[in-house]
Amino acid sequence: MPRVCILGLDGLEPALALGTLAAHMPRLQELAERGTATRLRSCFPPITVPAWACMMTGRDPGELGLYGFRERSSTNAYGAHRLASSLSVRAPTLASLASRAGHWVRVIGVPPAYPPKPVLGSLVSCFLTPAGARPFTY
């Protein structure tokens, strides 16, 4: 069975990674040459949390209700916010769909990943995991 690896470098301009700085990142260059490397169009707003959630679900920020690192704590409250979490993403993710289909997955640091949701394989939470929070892996 073929294997798939999706490597995302948040905030790294592809022209730098695959061009100007390629000589300083030989393993990344090797992966790009052996596989497929391309620039992906981000969502709007192109902010880490909604961008990764959109990429992993195929949904846009409006469908997900996720526009940044924080979300409203209720649909009627504009002043109260909480940090976005994996519970904010209600659409199935690529990892959950692959797991349901019987494929082993490894997800490492893809936000928002705390609290970790069950997968067939392993999941390591992301930088949004609160200090001292347990569990932070699945």
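The values are calculated or read from the model by the stated rules, or taken from the named source; none is laboratory data. A quick note: this is a predicted structure, and the numbers were derived from the prediction, not measured. When we count neighbours, we look across all protein chains shown, and the Cβ atoms used for this are built from the backbone with ideal geometry, even at glycine. Protein only, heavy atoms only, side chains kept; ligands, DNA and RNA dropped before computing areas. Shrake-Rupley method; radii C 1.70, N 1.55, O 1.52, S 1.80 Å.
Scan GLY68, GLY8 and give me the residue that is assigned to a loop (DSSP other than H, G, I, E, B), out of contact with any Lys or Arg (no Cβ under 7 Å at 6 or more places or on another chain) and touching a residue at least 60 places away in the same chain (Cβ under 8 Å).
Only one candidate passes the filter, namely GLY8.
Restricting attention to segment 95-106, and to residues there that are open to solvent by 30 Å² or more (accessible area, probe 1.4 Å) and either more than 26 Å from GLY62 (Cα to Cα) or in contact (Cβ under 8 Å) with a residue 60 or more places away in the chain (or both), which single residue is nearest to the chain's Cα centre (by Cα)? Quick ask: steps written out before the conclusion?
Restricting attention to segment 95-106, the residues satisfying the condition of being open to solvent by 30 Å² or more (accessible area, probe 1.4 Å) are 97, 100-104, 106.
Okay, now just the ones that are also either more than 26 Å from GLY62 (Cα to Cα) or in contact (Cβ under 8 Å) with a residue 60 or more places away in the chain (or both), so 101-104, 106.
Details: ALA101: 20, GLY102: 21, HIS103: 18, TRP104: 17, ARG106: 12 Å.
Filtering first and then ranking leaves ARG106.
For the condition out of contact with any helix residue (DSSP H, G or I) (no Cβ under 7 Å at 6 or more places or on another chain) and of a type outside the set (Phe, Trp, Tyr), what is the one hit in VAL49, VAL89?
One residue alone meets the criteria, VAL49.
Filter segment 124-138 down to the residues that are surrounded by 15 or more Cβ atoms within 10 Å (Cβ to Cβ) and either farther than 15 Å from ALA53 by Cα or in contact (Cβ under 8 Å) with a residue 60 or more places away in the chain (or both) and list them by number.
First pass over segment 124-138, keeping only residues surrounded by 15 or more Cβ atoms within 10 Å (Cβ to Cβ): 124-126, 128-129, 136, 138.
The answer is VAL124, LEU128, THR129, PHE136, TYR138.
Any residue at all in segment 107-119 that is open to solvent by 30 Å² or more (accessible area, probe 1.4 Å), without any contact (Cβ under 8 Å) to a residue 12 or more places away in the chain and at negative phi?
No, because not a single residue in segment 107-119 is open to solvent by 30 Å² or more (accessible area, probe 1.4 Å), without any contact (Cβ under 8 Å) to a residue 12 or more places away in the chain and at negative phi.
Considering every residue within segment 31-41, establish whether at least one is of a type outside the set (Gly, Ala, Ser), touching a helix residue (DSSP H, G or I) at 6+ places or on another chain (Cβ under 9 Å) and open to solvent by less than 90 Å² (accessible area, probe 1.4 Å).
Looking through segment 31-41, none of the residues is of a type outside the set (Gly, Ala, Ser), touching a helix residue (DSSP H, G or I) at 6+ places or on another chain (Cβ under 9 Å) and open to solvent by less than 90 Å² (accessible area, probe 1.4 Å).
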